[in-house]
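Trainee: Let me give you the structure first, and then I'll get to my questions.
All of the numbers you see were taken from the coordinates with simple rules; none came from a lab. Since this is a predicted model, take the numbers as computed values, not measurements. Every residue, glycine among them, receives a Cβ derived from its backbone with ideal geometry; neighbour counts consider all protein chains shown.
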Amino acid sequence: MLKRKINSYLDAWKKNPRKNPLVVKGCRQCGKTFSVLDFARSNYRHVVYLNFFEHPEYAAFFAGSLAVDDLTMAISAALNIHFEGGHTCLVFDEIQDCPNARASLKFFKLDGRYDVICTGSLLGVAGYGDKVRSIPVGYETIVDMYPLDFEEFLWANGISDEVLSYVDDCRQKETSVMLAIHQRMRQLLLQYTIVGGMPAVVDTFVNDNKMMDVVREMQQDIVRSYEDDIVKYAPRDMKSMIRDSFLSIPKQLSKENKKFQYSLVQKKGTSSSFQGVLQWIEDAGIIRRCHNLSITELPLDGNAIDDVFKVYMADTGLFVSMLEHGTQFDILQGNLLGYKGAIFENLMADIFGKMGRKLYYFRKDSGLELDFLIRYKGKCTPVEVKAVSGNAKSLKTVMNHPEKYHIEQAIKLGDYNVGRNGNVLTLPLYMAFLLREV
């Protein structure tokens, strides 16, 4: 079974005597249901599992009174399920398909006898309108769950915490990683780039002799399921633009200036005509926006330009699966020509995003561009991404003019070991997930 970080969160949640009902949200097929059910069955005597997508008739339980005694009586009578105070967990799966089940969370919280965990993409929640009585503000805790991040992928491939601790120690002490571990980590990063973190895909990759054709087929099925979600959940007048925007991402990232261009989706497209389109896809957990900064200073969020941004796929494996057949092999061989920048930038967006970091970059009309900027050890820090070793002209310009850009330190990630050149820390690409200090 894949080791997931959400398990530690669920353990801590259960031990909290003042906990709210929990809503675990994330993109489709990122492992929410499996993790929640495994946790519930391991920690409670009784588990009441209601999947509102597979059984839309379950919504009838919540059509009348939302009093806890009325709900448990109806569920118990229909499904022959036993409720025991203090030892029962209700799991509401695909809760976006039953708005009133979400409204009931307030009453479960106030009653206090039963724990409730909900899962869902929350697609369509903003459009509940008069279908839901009220959103239980203050009576629910929402946590984001992502596909496997790179660290979880390493665990799945047998990399121990001891090895990861050694690698992080090398980063902090700025000493080289021993060659055998360095080479293995490089190999696993390239594999993660093409496999990504969808649990079923990772499990197949790890346990079925790394069958890349099967992996790609599974990834493309997931992409098609996203298109189906658009048809099902998106507002009717936005369906076409949402789908076309989603499918345009590979073309957007192939451009030298990767700023999202509405005209690549629709001729004469403007930000006003696409209002809400990208937000819908982002809320579904499918993409992440990376905003341009007006200045290279903290706070990053305060200096972000709202309407100038790049768009990355939230999962690198799904992104690669949207590219032409053979790209997976090219990545493993390092034969990417002009597209390598887009692939490895999306990889870093995946890693930073799954760490919970918001994404920012810096570009000026002169052509000066920094791939990412993060808050690191209390300072605004550029992070340049190089698929192979190479010079970063824009980074040199910024570092040579501290009076203008106010940058004191930078990180360059590439295909090399740990090192330093003045105020620039050079790290192997696989260490990006260790840049946790803020």
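Trainee: At a 10 Å Cβ-Cβ cut-off, how would you order 406, 325, fewest neighbours first?
Mentor: By the 10 Å Cβ count, ascending, the order reads 325, 406.
Trainee: Are there chymotrypsin sites (Phe, Trp or Tyr not before Pro) in segment 1-59 that DSSP marks as loop and that have at most 12 other Cβ atoms within 10 Å, and which are they?
Mentor: Sites meeting the loop and neighbour criteria: none at all.
Trainee: Within a 10 angstrom radius of the beta carbon, how do 55, 291 rank from fewest other beta carbons to most?
Mentor: 55, 291
Trainee: Shifting gears a bit: Compute the distance from the alpha-carbon center of segment 141-163 to that of segment 181-219, in whole Å.
Mentor: 13
Trainee: With percent of Cα pairs over 40 Å apart defined as stated, name the option among [x] 20; [y] 14; [z] 23 computed from the structure displayed.
Mentor: Label [z] holds the value from this structure.
Trainee: May I ask for the longest run of the chain untouched by trypsin sites (Lys or Arg not before Pro) that are loop-located per DSSP and have at most 12 neighbouring C-beta atoms (other than their own) within 10 Å?
Mentor: The answer is 46-209.
Trainee: For q values of 0.10, 0.13, 0.14, 0.17 Å⁻¹, compute log₁₀ I(q)/I(0) with the Debye formula on a Cα-only model of segment 6-144, without solvent.
Mentor: The calculated log intensity ratios at q = 0.10, 0.13, 0.14, 0.17 Å⁻¹ are -0.28, -0.49, -0.58, -0.89.
Trainee: With a 10 Å Cβ neighbour count serving as the proxy for reagent exposure, in which order, fewest first, do 70, 161 appear?
Mentor: Going from least to most buried by this count: 161, 70.
Trainee: Here's something else I'd like to know. Based on DSSP H runs of at least 4 residues, each adding -39500 (n - 2.57), what is the mean residue ellipticity at 222 nm of the chain after dividing by all its residues, to the nearest 500 deg cm²/dmol?
Mentor: -11500 deg cm²/dmol
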